[in-house]
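Working notes, structure below.
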Amino acid sequence: MTIALPRVAMLGVGSMSGAVLQGLLAAGVSPDSVAVTTRSEASASAHRFTGLHAVASEVDPDANRAAVRGAGVVVLGVKPFGVVDLLDEVAADLEPDAVVVSVAVGVTTASMEAHVPAGVRVVRALPNTPIGVGLGVTGISAGASADAEAVALASSVFAVSGDVLDVPEAQLDALSAVSGSGPAYVFLFVEQWQRSAEALGFSPDQARTMVQGTVRGAVELLARSGSEPADLRRAVTSPKGTTERAVAVLQDADLADVLEHAARAAMARAEELSRL
């Protein structure tokens, strides 16, 4: 399968943008159509083993500027505090109608648009790490400079590896607090559940098989059945049975309130980052 995209430049490949890159390659995007820059030569060398054109800025100071020349889509994968400086560095070399996509939390489209030439279109995207295995969820928000074509082009980078939600930028931090941070919530749940299984006398391998197999099976059942999670929960919970007693303990913990509190903490941090 071959995915038709313009030349893509990925500037700075960290954990999140690295997952996006994995998703693109897994979906059939040709490595020849992707230019990658990293900070270190060791990281660039690792990417070159996969057939990508990767250059380290510590070796070639012109790496980022060279990567964006001829690129229709430029993905900024640096930390939030580095986005503006990176845009200042490459602004003069961006194609006149390029679509610049940031995957950084807390960096607004308005702040990016102030550092790119007129005609360059700015979009924010907040994916989550499962995009690396083709099951991502990505929120997309257009800047004032981005037309429908730019949003569609940016969306296509992420849609090959999962679901894309087009939302107003005011909602993007909330989306990230749910789906962007969400994998960490799931991993923490699995981690703690495995510990509880070990406390009941099971070995780490047995606990891993039981917990991860149960989570995988339950999620797949939810996806295939088309049922609401509450309906599936009730189907497992016999009146006056063991599951009912266990579920009552979890409900007493008010999981919905805990998850909302966690999401609001993430949103507050995104707001702090936007002011840095």
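Between Asp231 and Arg48, the contour length at 0.36 nm per residue exceeds the alpha carbon distance by 61.0 nm. Highest-first packing order for the peptide set 264-275, 89-100 is 89-100, 264-275, based on the mean count of other beta carbon atoms within 10 Å.
Maximal additional length on extending the Phe189-Val84 stretch stands at 34.2 nm, based on 0.36 nm per residue less the C-alpha distance. Considering only Val236, Ala263, Gly182, the residue lying farthest towards the positive end of the dipole of the stretch 182-272 is Val236, judged by Cα position with unit charges set on Cβ. Placing pseudo-labels 7 Å out from each Cα toward the beta carbon at Thr214 and Glu58 gives an inter-label distance of 4.5 nm.
Pairs of Cα atoms under 8 Å, at least six residues apart: use those to get the relative contact order of the stretch 8-171, whole percent.
With pairs under 8 Å counted, the relative contact order is 22 percent.
Residue by residue, the stretch 111-124 carries 3J(HN,Hα) couplings of 5, 6, 4, 6, 10, 10, x, 4, x, 6, 9, 10, 9, 9 Hz when phi is fed to the Karplus relation 6.51 cos²θ - 1.76 cosθ + 1.60 (θ = phi - 60°); x denotes Gly or Pro. In terms of its alpha-carbon gyration tensor, the stretch 8-171 comes out oblate; a/c meets the 1.5 threshold, while b/c is at least as large as a/b. Normalised by residue count, the stretch 163-229 yields a Cα convex hull volume of 109 Å³ per residue. Taking amide H as placed 1.01 Å from N in the peptide plane, Val164 has its amide H under 5 Å from the amide H of Thr138, each at least 5 places away in sequence or on another chain. Derived scalar couplings between HN and Hα for the stretch 219-235 equal 5, 5, 4, 4, 5, 7, 6, x, 8, 6, x, 5, 5, 5, 4, 5, 5 Hz in order, rounded to whole Hz, by the Karplus curve 6.51 cos²θ - 1.76 cosθ + 1.60 (θ = phi - 60°), x for Gly and Pro.
Among 172-179, 189-196, sorting by the average number of other beta carbon atoms lying within 10 angstrom of each residue, highest first, gives 172-179, 189-196.
By the Cα gyration tensor, the stretch 1-40 has an equivalent ellipsoid whose semi-axes, rounded to whole angstrom, run 18, 11, 7 from largest to smallest. Rounded to the nearest Hz, the phi-derived 3J(HN,Hα) couplings of the stretch 180-186 under the Karplus curve 6.51 cos²θ - 1.76 cosθ + 1.60 (θ = phi - 60°) are x, 7, x, x, 5, 5, 5, where x marks glycine and proline. I'd like the Kirkwood hydrodynamic radius of the stretch 6-87, using the inverse of the mean 1/r over distinct C-alpha pairs, in Å. When all Cα pairs of the stretch 6-87 are included, the Kirkwood radius is 12.5 Å.
Each Cα pair under 8 Å and six or more residues apart adds its separation to the average, and for the chain the resulting relative contact order is 15 percent. Answer with one residue from Pro130, Thr38, Ala150: the one whose Cα lies farthest towards the positive end of the charge dipole of the stretch 31-159, charges on Cβ with Lys, Arg +1 and Asp, Glu -1. Farthest towards the positive end: Pro130.
For the chain, the Cα-based Rg and Dmax, in that order, read 21.3, 69 Å. Counting only DSSP H runs of at least 4 residues, each contributing -39500 (n - 2.57), and dividing by the residue count of the chain, the helix-based mean residue ellipticity at 222 nm comes to -15000 deg cm²/dmol. Simple spin-label estimate for Phe202 and Arg245 gives 1.9 nm between the two label positions (7 Å along the Cα-to-Cβ direction from each Cα). Ellipsoid fit via the Cα gyration tensor, the stretch 182-272: semi-axes of 24, 19, 15 Å, each the root of five times an eigenvalue, largest first.
FYI, it's all coordinate maths here, none of it is from the lab. Quantities reported herein were computed from a predicted structural model and do not represent experimental measurements. Ideal geometry is used to build each Cβ from the backbone, glycine not excepted, and the neighbour counts take in all protein chains shown.
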